[in-house]
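Q: Sharing a structure here in structure tokens format.
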Number of protein chains: 2
Amino acid sequence: MTDYMQEALLEAHDAMIIGEVPIGAVVVHDGKIVGRGHNLREHSQDSTLHAEVLAIQEACMTLGSWRLEDCDLYVTLEPCPMCAGAMINSRIRTCYYGAKDPKAGVAGSLGNLLEDTRFNHQVKVVAGIDEEQAAQLLKSFFQAIRKKRKAAKLAKKQAQKA
Amino acid sequence: MTDYMQEALLEAHDAMIIGEVPIGAVVVHDGKIVGRGHNLREHSQDSTLHAEVLAIQEACMTLGSWRLEDCDLYVTLEPCPMCAGAMINSRIRTCYYGAKDPKAGVAGSLGNLLEDTRFNHQVKVVAGIDEEQAAQLLKSFFQAIRKKRKAAKLAKKQAQKA
């Protein structure tokens, strides 16, 4: 189980390298990874291209079906409503996730859409897989951004003084 | 307002013609349609290709930005969690929709994700625009499917008897 999350973490790392918020996901079917993705919102300037959506789209293409009934999804961060909805729509079996997202997560933090029995499909939720690593990756990313911004501000101030 | 919904209904009609559940959407910016889409789940075998997602993706491409802050979205059916989430993520201003979806709609029927103040953006909801037309289109589509299935069953029975 943790091996697949390590693959999702590799995807998250790929996102970080290109300056995207580091979130990664993989879809697993019969022990094989059939879809993978990392957040590409900034590079694509497309609000829908979250890691989970890209991994689901690739899995649909690999398996030739929109029904991913025997598939599990591993994602480094708790899914937002869009990604939780995409999992319900594609009938993902289980969602394993790493870090919690108290601001937008809907698999435990702000309710639980995935296990809501009012919808025609429920996705089992398993939280906290390799949580520390996923959280640390996000923390490092935002720390680096703040550092960069601070340095840029300082450089601007010094240029104005000179 | 109803003119844009008529464009969304044209999209829904395009979906019906190719045998997809008739749902259509358009995104409007400064009085112009910048994105349009209709449900393509079966043809693409991709669970994420709902009308709203396609319309949002096209709007992002047209405007060169994932932030659709001054944009309104018109859709013939109440959005599901995935599409409501995509609207929140892209910061759509207002969602106008036609028919209610008591089974999966989250803009009034099964809660209201779009106006949930716990998220970092709220989408204003205006329901019931050209509702009758949108509902009738869906009704006709499902009636035709049931009729086809009944005829196929009958033909099979007769073939077994012969």
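The values are calculated or read from the model by the stated rules, or taken from the named source; none is laboratory data. Keep in mind the model is a prediction, meaning the values are calculated, not measured. All Cβ positions, even for glycine, are placed from backbone atoms using ideal geometry, and neighbour counts span all protein chains on display. Heads up: the accessible areas ignore ligands, DNA and RNA and are worked out on the full protein's heavy atoms, side chains in. Shrake-Rupley method; radii C 1.70, N 1.55, O 1.52, S 1.80 Å.
Q: Could you count how many residues in the range B:109-146 are of a type in the set (Asp, Glu) and closer than 21 Å to A:GLY111 by Cα? Before you say what the answer is, go through the steps one by one.
A: So in the range B:109-146, the residues of a type in the set (Asp, Glu) come out as B:115-116, B:130-132.
Next, from what is left, pick out any that are closer than 21 Å to A:GLY111 by Cα: B:115-116.
Number of matching residues: 2.
Q: Restricting to the range B:3-22, name every residue that is open to solvent by 10 Å² or more (accessible area, probe 1.4 Å) and part of a helix (DSSP H, G or I).
A: We begin by selecting, within the range B:3-22, every residue open to solvent by 10 Å² or more (accessible area, probe 1.4 Å); these are B:3-4, B:6-7, B:9-11, B:13-14, B:16-19, B:21.
B:ASP3, B:TYR4, B:GLN6, B:GLU7, B:LEU9, B:LEU10, B:GLU11, B:HIS13, B:ASP14, B:MET16, B:ILE17, listed by residue number.
Q: I would also like to ask the following. When both residues are 6+ apart or on different chains and their Cβ atoms are under 8 Å apart, which pairs have a first residue that lies in the range A:27-44 and is free of Cβ contacts under 8 Å to residues at least 12 places away in the same chain, and a second that is not hydroxyl-bearing (Ser, Thr, Tyr)?
A: Close Cβ pairs satisfying both conditions: A:SER44/B:CYS60; A:SER44/B:TRP66.
Q: Turning to a different aspect of this structure: Residues in the range B:90-100 that are open to solvent by less than 30 Å² (accessible area, probe 1.4 Å) and in contact with a helix residue (DSSP H, G or I) (Cβ under 9 Å, 6 or more places away or on another chain): how many? Walk me through it before giving the result.
A: Restricting attention to the range B:90-100, the residues satisfying the condition of being open to solvent by less than 30 Å² (accessible area, probe 1.4 Å) are B:90, B:92, B:94-95, B:97-99.
With the extra rule that they be in contact with a helix residue (DSSP H, G or I) (Cβ under 9 Å, 6 or more places away or on another chain), the set shrinks to B:90, B:92, B:95, B:97-99.
Number satisfying all stated conditions: 6.
Q: Out of the range B:23-51, which residues are closer than 26 Å to A:ILE92 by Cβ and open to solvent by less than 10 Å² (accessible area, probe 1.4 Å)? Break it down stepwise before answering.
A: Let us first name the residues in the range B:23-51 that are closer than 26 Å to A:ILE92 by Cβ, namely B:23, B:25, B:37-51.
Selection gives B:ALA25, B:GLY37, B:SER47, B:THR48, B:ALA51.
Q: Okay, next question. Name the residues in the range B:110-136 that are open to solvent by less than 50 Å² (accessible area, probe 1.4 Å) and touching a Leu at 6+ places or on another chain (Cβ under 7 Å), would you?
A: Passing the criteria: B:VAL123, B:VAL125, B:ASP130, B:ALA134.
Q: Considering (1) open to solvent by 30 Å² or more (accessible area, probe 1.4 Å); (2) within 24 Å of B:ARG36 (Cβ to Cβ); (3) among the hydrophobic types (A, V, I, L, M, F, W, C); (4) under 20 Å from the mean Cα position of the chain (by Cα), say which one B:LEU63 fails and leave the rest.
A: Condition (4) is where B:LEU63 drops out.
Q: Here's something else I'd like to know. Taking the residues in the range B:17-55 that are facing another protein chain (nearest Cβ under 10 Å) and among the acidic types (Asp, Glu) as candidates, determine which candidate is farthest from B:ALA86 (Cα to Cα).
A: Residue satisfying both the conditions and the ranking: B:GLU42.
Q: Something else: Do you know which residues across the range B:23-46 are within 14 Å of B:MET5 (Cβ to Cβ), in contact with a Ser or Thr (Cβ under 8 Å, 6 or more places away or on another chain) and assigned to a strand (DSSP E or B)?
A: Scanning the range B:23-46 gives B:GLY24, B:ALA25.
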